[in-house]
Amino acid sequence: LFAAGCEIGFGPGVLDWSYDLPGGCYIWRASSHTIEIHGRIEIPAKVVELDFDNRFLIAKQQHLRERSPGDSYMIPDDGNFSWWIGDFKSGTTIGPLDESEFAKQRNALGVSAELALQDVYDYKPDND
């Protein structure tokens with residue numbers, strides 16, 4: 001029996017990926033709930049949406065909570081989000097912010113209105 005062209009993977013790391021962003025930053029996906037921004041701009045898990053241009057990054061983070069009391073496994077906390085703004089030029093990160101404060105900060109900093117939050121998986125390499 002011979003099988004060619006199959007992509008079968010098991011174990012940790014098989015589904016991990018990263019995506020380079022401007023300013024030496026990158027998206028890092030280490031698990032379904034560990035999706036973070038690293039580099040000069042740091043945004044903790046779980047980043048669910050983002051967009052960027054050459055100057056700014058905007059991101060939406062879903063908070064995580066213990067699966068059960070005392071359990072170290074973290075799961076998404078439904079309906080609990082924060083928003084972030086990163087400046088690639090200065091390396092400054094502003095957040096966590098609520099949605100209203102995010103809109104105010106975005107306007108005050110002059111972040112392009114063309115930046116629109118989109119699913120983080122849209123940045124997955126070789127995304128079909």
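The values are calculated or read from the model by the stated rules, or taken from the named source; none is laboratory data. None of the values given here were measured: they were computed from a predicted structure. Cβ: placed from backbone, ideal geometry, glycine included. Neighbour counts: every protein chain shown. We work out accessible area using only protein heavy atoms, side chains counted, and drop any ligands, DNA or RNA first. Shrake-Rupley method; radii C 1.70, N 1.55, O 1.52, S 1.80 Å.
Look through the stretch 90-110, keep the residues that are under 21 Å from residue 36 (Cβ atoms) and in a loop (DSSP other than H, G, I, E, B), and return whichever of them is modelled with the highest pLDDT. Out of the qualifying residues, it is 98.
Within the stretch 73-121, the set of residues being surrounded by fewer than 17 Cβ atoms within 10 Å (Cβ to Cβ) and in contact with a Pro (Cβ under 7 Å, 6 or more places away or on another chain) is empty. Within the stretch 90-111, being out of contact with any Phe, Trp or Tyr (no Cβ under 6 Å at 6 or more places or on another chain) and of a type in the set (Gly, Ala, Ser) holds for 90, 91, 100, 103, 108, 110.
Which residues, taken from the stretch 57-72, are open to solvent by less than 20 Å² (accessible area, probe 1.4 Å) and touching a Leu at 6+ places or on another chain (Cβ under 7 Å)?
We begin by selecting, within the stretch 57-72, every residue open to solvent by less than 20 Å² (accessible area, probe 1.4 Å); these are 57-59, 61.
Across the stretch 57-72, the qualifying residues are 57, 58, 59.
Is at least one residue of the stretch 91-98 farther than 19 Å from residue 18 by Cα and charged (D, E, K, R)? Checked the stretch 91-98: at least one residue is farther than 19 Å from residue 18 by Cα and charged (D, E, K, R).
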